[in-house]
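Written out below as structure tokens is the structure these notes cover.
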Amino acid sequence: MSVNVTINTSLGTLKAELYEDKAPITVKNLLAYVDEGFYNGTIFHRVIPGFMIQGGGFTPDMRQKAAKAQIKNEAENRLSNERGTLAMARTSVVDSATCQFFINHKDNAFLDFQNKSPQGFGYCVFGKVSDGLDVLDKIAAVKTATHRTGHGDVPVEPVTIISITRA
């Protein structure tokens, strides 16, 4: 079973299929943010071409939005961080994901679940871009710099997530 979402950005639209059967906690969490409009007006705040684009937690002025509780990392679902897949961003703590997610710009198997250690647990893939890989490439190609807040790889011109809605 899957749920579809539309990610409208300032550089175009991506459509994604979410794997509710493979990552039920993660998809439920993301959809709770989607349904309340949390992502509207946030940005892709970390863009690294040939790696990934990360968003969902910061406003254009780089203020971090208050997130809900952390969720269990479902990376043991064995889905791979392949080009176009959506995965949850987290800290070095395994079960620390909240609202931020990333879209893999290329295959990043080194982010996959290896083992239950903090270093080997990996990042939970919970969906895949079904339409709009050209938009992913466009976002990955923007000019980035270190922001005055100290964050690196921040687009010089903000790439805004206008909205994420259920499709």
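Every number here is computed from the coordinates shown, using simple stated rules; none is lab data. Since we're looking at a predicted model, the values are computed, not measured. All Cβ positions, glycine included, derive from the backbone under ideal geometry; neighbour counts span all protein chains shown.
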Of the conditions (1) closer than 21 Å to residue 67 by Cβ; (2) without any contact (Cβ under 8 Å) to a residue 40 or more places away in the chain; (3) surrounded by 20 or more Cβ atoms within 10 Å (Cβ to Cβ), residue 113 fails just one. Which one is it?
-> (1)
Qualifying residues in the range 47-65 (those that are assigned to a strand (DSSP E or B) and not aliphatic (A, V, I, L, M)) - the one farthest from residue 157 (Cα to Cα) = 64
Among 163, 130, which is within 25 Å of residue 19 (Cβ to Cβ) and in contact with a Lys or Arg (Cβ under 7 Å, 6 or more places away or on another chain)?
-> 130
Limited to the range 57-96, what total is found for residues that are closer than 21 Å to residue 20 by Cα, hydrophobic (A, V, I, L, M, F, W, C) and exposed (fewer than 14 other Cβ atoms within 10 Å of the Cβ)?
-> 1
